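The values are calculated or read from the model by the stated rules, or taken from the named source; none is laboratory data. Since the model is a prediction, treat every value here as computed from it, not as a measurement. Don't worry about glycine lacking a Cβ; one is built from the backbone with ideal geometry, like all the others, and counts go over all protein chains shown. All accessible areas refer to the heavy atoms of the entire protein, side chains included, with ligands and DNA or RNA removed. Shrake-Rupley method; radii C 1.70, N 1.55, O 1.52, S 1.80 Å.
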Amino acid sequence: MYILKKHLDQFKKMQQNKQIIVLIGVHRSGKTVLLEQLKTHLRRQGINNQQIQLIHCQRFAHHGIHNQSLCQDIIQGLVQGKRNYLFLDELDTLTDIIPLLHRLLGLDKVTLVVTGANRRFLTRLAPLRDRCTIIPILPLSFVDCCAYQHLTINEHSLYHYLNYGGFPFVQSLHDQLSRDNYFDGIINTLIVNGFAYRSGLCNPYLIKQLAAFLATQVGTSVNISQTVVGLKHAGITTSNKTLHSYLNFLQEVLLFYPCYELAHPTGPVRIKPTNVKYYPVDPGIQSLLAKQKSALSRSNLEALLFLELIRRGYQVYFNHHFSFIADRGPQRVYLQFAYSLSDQAAYDRISASFKHLPSQARRLLIVVKRPNQLIQKNPEVPLISLLDWFQAD
């Protein structure tokens, strides 16, 4: 497993700041591996091993060790007069973490990196929101997987990625049964660990069936009532209230990411909470849940596009005028996604939505297959192939 340059670059920029670097991502997405690699990187830069503390918090949680004792142990292990690096892995497994973090933030010359695998972890960090830098950690992207496995970036490798995904350990598995067992283990662990922290949830079968249903609805806007009806057709009876709790759970454990509909594409962010698209965190997970090979279809590739936008730090919405509207800080990008453009008329239809945007708005048209014939393009609407966009910074 190689270290991702983008994460290393982020770490270099922030390691001198009085900030908490928060790595948040689904279970087994590579957070612990990243901490180990950051530790190795620091040692290669001449940092003494005593200046780096990598603490697996779940062990303390299991043994009932109080946070105050943990804090004292950390402070006693600091090297005075030098910059120290504190890596707190699975900090979300501990209770009452804010006093602990306040104490550590008050220390001089300390770089603090923490990890968590549950969206509720970010809610718990709310009192320190201004001191946190959030870095989403998803399974390896398509381009990262190609680099790791020395694959050429083309439609063949894209099909491979759609079915096997980017979980780091999966890259070393070479048969479908082993991969399926591994993915199933991830889902079971998420359910067991998640239920331990959520009272009132007690039906793992419903969770799995709901996840399987959502995996077959990728790219489609769904709401609670529609999902209840869909599950009923599959022989599963539940209520809107119950399903709402379980749907929130799938998002909390980061197995699915929501994409809300934006009420108006050019106004302030105002969402329609009942219209949501749900995208699995990884295409390999989607393939397992849907119990079928994932084809190079528009909906499956749209899911990869969404996940890549999340990796790049965007808050992503959809709208009936656009495939995606992506915000990152003050920047907003309007994206249209098409599998192919057969002729000038097809191009004109999909690019027409851009005409009503303000002149300074950023526009982007992404296609899987470039048009074979010459098309008169709008110079204000950049057109790029999906494979090229995946490789772009």
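So the values come out like this:
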item	result
Residue check, ILE325 open to solvent by 10 Å² or more (accessible area, probe 1.4 Å), among the β-branched types (Val, Ile, Thr) and more than 15 Å from the chain's Cα centre (by Cα)	no
Scope the range 121-146; condition surrounded by 15 or more Cβ atoms within 10 Å (Cβ to Cβ), assigned to a helix (DSSP H, G or I) and not acidic (Asp, Glu); matching residues	PHE121, LEU122, ARG124, LEU128, ARG131, PHE142, VAL143, CYS145, CYS146
Which listed residue is at pLDDT below 95, out of contact with any Cys (no Cβ under 8 Å at 6 or more places or on another chain) and on the phi > 0 side of the Ramachandran plot, from GLY235, GLY194, GLY230	GLY235
Among (1) closer than 27 Å to SER353 by Cβ; (2) open to solvent by 10 Å² or more (accessible area, probe 1.4 Å); (3) of a type outside the set (D, E, K, R); (4) touching a strand residue (DSSP E or B) at 6+ places or on another chain (Cβ under 6 Å) - the single one GLN286 does not satisfy	(1)
Cross-chain or 6+ apart pairs with Cβ under 6 Å, the range 8-23 first and at pLDDT below 75, then open to solvent by less than 30 Å² (accessible area, probe 1.4 Å) and among the β-branched types (Val, Ile, Thr)	GLN15/THR111
Contacts under 8 angstrom Cβ, first residue in the range 218-238 being open to solvent by less than 70 Å² (accessible area, probe 1.4 Å), partner part of a loop (DSSP other than H, G, I, E, B), 6 or more apart	VAL228/THR238; VAL228/SER239; GLY230/GLN217; LEU231/THR237; LEU231/THR238
Selection status of ALA303, open to solvent by less than 30 Å² (accessible area, probe 1.4 Å), modelled with pLDDT of 90 or more and either over 28 Å from THR216 (Cα atoms) or in contact with a Leu (Cβ under 7 Å, 6 or more places away or on another chain) (or both)	no
Residue ID - surrounded by the fewest Cβ atoms within 10 Å (Cβ to Cβ), chosen from residues in the range 1-25 that are more than 20 Å from ALA147 (Cα to Cα) and in contact with a Phe, Trp or Tyr (Cβ under 9 Å, 6 or more places away or on another chain)	GLN15
One residue from SER294, SER299 being within 25 Å of LEU341 (Cβ to Cβ) and in a loop (DSSP other than H, G, I, E, B)	SER294
Condition met for LEU309 (part of a helix (DSSP H, G or I), touching a strand residue (DSSP E or B) at 6+ places or on another chain (Cβ under 7 Å) and at pLDDT 95 or above)	yes
Any hit, the range 56-65, residues being closer than 20 Å to LEU23 by Cα and β-branched (Val, Ile, Thr)	no
Filtered residues of the range 156-205 (kept if under 30 Å from LYS369 (Cα atoms), hydroxyl-bearing (Ser, Thr, Tyr) and open to solvent by 50 Å² or more (accessible area, probe 1.4 Å))	TYR159
Answer residue from the range 363-393, given it is open to solvent by 60 Å² or more (accessible area, probe 1.4 Å) and either part of a helix (DSSP H, G or I) or at pLDDT 95 or above (or both) and is nearest to SER340 (Cα to Cα) among those	ASP388
Contacts under 7 angstrom Cβ, first residue in the range 153-176 being over 18 Å from ALA392 (Cβ atoms) and assigned to a helix (DSSP H, G or I), partner open to solvent by 70 Å² or more (accessible area, probe 1.4 Å) and of a type in the set (A, V, I, L, M, F, W, C), 6 or more apart	PRO168/MET1
Hey, SER342 open to solvent by 20 Å² or more (accessible area, probe 1.4 Å), out of contact with any strand residue (DSSP E or B) (no Cβ under 9 Å at 6 or more places or on another chain) and either under 27 Å from VAL269 (Cβ atoms) or aromatic (Phe, Trp, Tyr) (or both) or not	no
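Results for (1) under 23 Å from LYS109 (Cβ atoms); (2) not polar (S, T, N, Q), shown as yes or no for each residue.
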residue	(1), (2)
LEU8	yes, yes
GLY25	no, yes
ARG59	no, yes
GLN68	yes, no
GLN80	yes, no
